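Any read-out appearing in this document is the output of simple, stated calculations on the displayed coordinates, not a laboratory observation. Fair warning: this is a prediction, and the values are worked out from it, not measured in the lab. Glycine gets a Cβ as well: all are built from the backbone with ideal geometry, and neighbour counts include every protein chain shown.
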Amino acid sequence: MFADHACAAEPEILPAVRDQFAAVTAHPQVKQALDFIKGDDAKTLAEQKTIVAIASPPFNEKTRAQDYVKRLAALGFNNAAIDKEGNVIAVRPGTGGGPKLVVSAHLDTVFPAGTDLTIKEKDGKLYAPGIGDDTRGLAELLSMVRALNATNIKTVGDIWFVGTVGEEGLGDLRGARALFRDNKDLDGFISIDGAQPSRITYVAVGSHRYRVTFTGPGGHSFSAFGRPSAIHAMGRAMAKIADLKTPKEPKTTFTVGTVRGGTSVNAIAGDAAMELDMRSVGMQPLLDIEAAALKAIKDAAAEENARWDSDKITVDIKLVGDRPAGFQPPDAPMIQAAMLAVRAIGLKPVLEEPASTDSNVAISLGIPAMTIGRGGVNGDNHSINEWFDPKDAYLGPQKNLLTVLALVGVEGVSKPILAKGTARK
């Protein structure tokens, strides 16, 4: 999910980063790779159309993963595989001694099984659920691989091409978590995910999500009057949460997003449930608002019981989402490389407001990471009216390939901008 406004002013580019990036862009093979990507635009769009038709609902990404691993294997990866969590991983080794950089897109969509994924075309735009988010990212990874194969560019560092699972909603970044859990020597992470190619997200919004269920005896609204109500208990909790205070900096938020409960207008509710979302750029403010909200919930249940001299209301509090927060400075070398790549394709970099993406995991571990935009323009994400405008969409994979090559280094041309052996928190 992406915000709409810029996060920070552009930092001054370090001379070392500028020099290494300039060496990459001036290299004849890299120029050939960029030309290849432009010529590959129609094939990339065709793959995007094919992949979007493969349903990949939350926690059911297997069919799309199986298709994607075959596509990577067909491009020459004899190590392409699906890991235990469901991620698709293919590694392009460097010449040795360089960093290990993940460049990824997510396999899952927000749409449930049975959603009509038929593409409709109108006025040059493609309409289909998931046509951009993040099907376009997956297609761009394949175009980048084809460009590297066609030009035989040798990199110093290893490039890990990864399709992750569980980026959306209650997937809770399970794919990215597993990637860093099972591979302790990764040095950097890029997620290709975002509605426009100029966007760079580098600060991670952490979130804690809870499903809270109140249970009581229930009963007829008249004859059983005097029994505590699960809905009333939930209402007390919601009122308390609504009055909580949060700091302005770092931005910290909360909302009760869904509610349900009861059986009839003339019944004392025996059950009620709500889902609570809390977010912050800082982990401590997130923990503080979480503690206050959980106390409010427990106090509300106790107050509803006390109101009717009862002990029948119980509350079950279940954590259903836990995304880590993290910060890195906008002048980090990785961010600077991405900014230079955006400028190289003729656009102005946009440093985004904090967001919640696959990059959260790496950022929280102290590993350089960012989420950078796809090519083309994408709108109405997470709705069945999602659309994609493919005009000049090749600029996305061009920019992303330049970023990757600058970070891992090109053999005999440039040193890696990304450091090897990044210490984890």
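Neighbours of residue 162, meaning other residues whose beta-carbon lies under 10 angstrom from its beta-carbon, give a summed charge of -2 when Lys and Arg score +1 and Asp and Glu score -1. Ordered by the number of other Cβ atoms lying within 10 Å of each residue's own Cβ, fewest first, 264, 104, 280, 364 fall into the sequence 264, 364, 280, 104.
Gain on full extension, evaluated as 0.36 nm per residue between residue 384 and residue 152 minus their Cα-Cα distance, stands at 79.5 nm. The relative contact order of the chain comes to 26 percent, based on Cα pairs under 8 Å that sit 6 or more residues apart. From helices alone, the chain scores -11000 deg cm²/dmol at 222 nm; the rule is -39500 (n - 2.57) for each run of n ≥ 4 DSSP H residues, then divide by the residue total.
What is the stretch 250-305 by shape, rounded, prolate or oblate, if you read a ≥ b ≥ c off the alpha carbon gyration tensor as root eigenvalues and call it rounded for a/c under 1.5, prolate for a/b larger than b/c, and oblate otherwise? In terms of gyration-tensor shape, oblate.
Bridgeable lysines around residue 100 (alpha carbons under 16 Å apart, same-chain partners fewer than 8 residues away excluded): 154, 184, 415, 420.
Extension gain for residue 267 to residue 121 (0.36 nm times residue separation, less C-alpha to C-alpha distance): 47.6 nm. Counting only lysines at least 8 places from residue 49 when in the same chain, those with an alpha carbon closer than 21 Å to its own are 38, 62, 70, 120, 122, 125, 391. Counting every alpha-carbon pair across the chain, the share separated by more than 33 Å comes to 38%.
Counting 0.36 nm for each residue step from residue 312 to residue 84 and taking away their Cα separation leaves a gain of 77.8 nm.
Tally Lys and Arg at +1 and Asp and Glu at -1 over the other residues with C-beta under 15 Å from the C-beta of residue 172: what net charge comes out? Every neighbour counted, the sum reads -1. The residues 353, 121, 167, when put in order of fewest to most other Cβ atoms within 10 Å, stand as 121, 353, 167.
Volume per residue of the convex hull around the Cα atoms, evaluated for the stretch 206-323, comes out as 85 Å³. Sorted ascending by nearby beta carbons within 10 Å, beginning with the fewest, 49, 248, 120 become 248, 120, 49.
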